[in-house]
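The values are calculated or read from the model by the stated rules, or taken from the named source; none is laboratory data. Keep in mind that what you see is a predicted model, and the values were worked out from it rather than measured. Please note: Cβ atoms are built from the backbone with ideal geometry, for glycine as well, and neighbour counts cover all protein chains shown. These accessible areas exclude ligands, DNA and RNA; they are computed on the full protein's heavy atoms, side chains included. Shrake-Rupley method; radii C 1.70, N 1.55, O 1.52, S 1.80 Å.
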Amino acid sequence: MKEALAKYILKKVKMSDEDLQLILSYFKSRTVKKKEILLHEGGLSNRMYFVVKGCLRIYFIKDVGTEVTRRIIFENDASSSMVSFITENPSNEYIEAVMDSELLYMDRKDFYHLVETLPAWEKFYRHQLEYAYVINTNRLMSFITNDATERYLLLLKENPEIIKRLPNRLVANYLNITQEGLSRLKSKL
């Protein structure tokens, strides 16, 4: 399981085998079932997850009770509810397994211990934060400047796996449109 994580880390930053093995030793494995909630709103996000197999989604619930999917994480990607993870404040988000999934995770205290003691891990973390910033900014700009069709076509181009592997309900939610709107949009294209 940890081979995929090792490749993921080394793709982002170079480090010695010794440092890599130390980092990998902090990760634990966990298997979760479809619809299992890993983090509830109000809980503390104290784990960084790496998806070995399956899919997680990070979402929040608007005042009217509507779910809004902020992030989808497939295999060979990592994430958490970052605002809570960084600030240690209660999360406004949920993390849910979209399908049966195999995960590796590191506890927050271990994560930051490595940030403070291993320059390569600090560099990796900076890379992750920069990547998250770019993704979130581009997504926000897309919602502001693109209509539903443009957002769908952009998703099809940049991350077709979401459209191929997830039910229309989640794809529509991720695009911030109704399922009916997604169906109409797909029939036009």
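Please give every one of the lysines within straight-line cross-link reach of Lys11, meaning a C-alpha to C-alpha distance under 19 Å, and leave out same-chain neighbours fewer than 8 residues apart. Within the straight-line limit of under 19 Å, Lys11 reaches these lysines: Lys2, Lys53, Lys123. Of the chymotrypsin sites (Phe, Trp or Tyr not before Pro) in segment 20-82, not one is in a loop by DSSP (not H, G, I, E or B) with at most 11 other beta carbons within 10 Å. Averaging the sequence gap over all C-alpha pairs within less than 8 Å and six or more residues apart, then dividing by the number of residues, gives the chain a relative contact order of 24 percent. Solvent-accessible surface of the chain, taken per residue with a 1.4 Å probe and all protein chains present: 56 Å². As a fraction of the 1.4 Å probe accessible area of segment 1-108, surface on carbon and sulfur atoms comes out at 49 percent.
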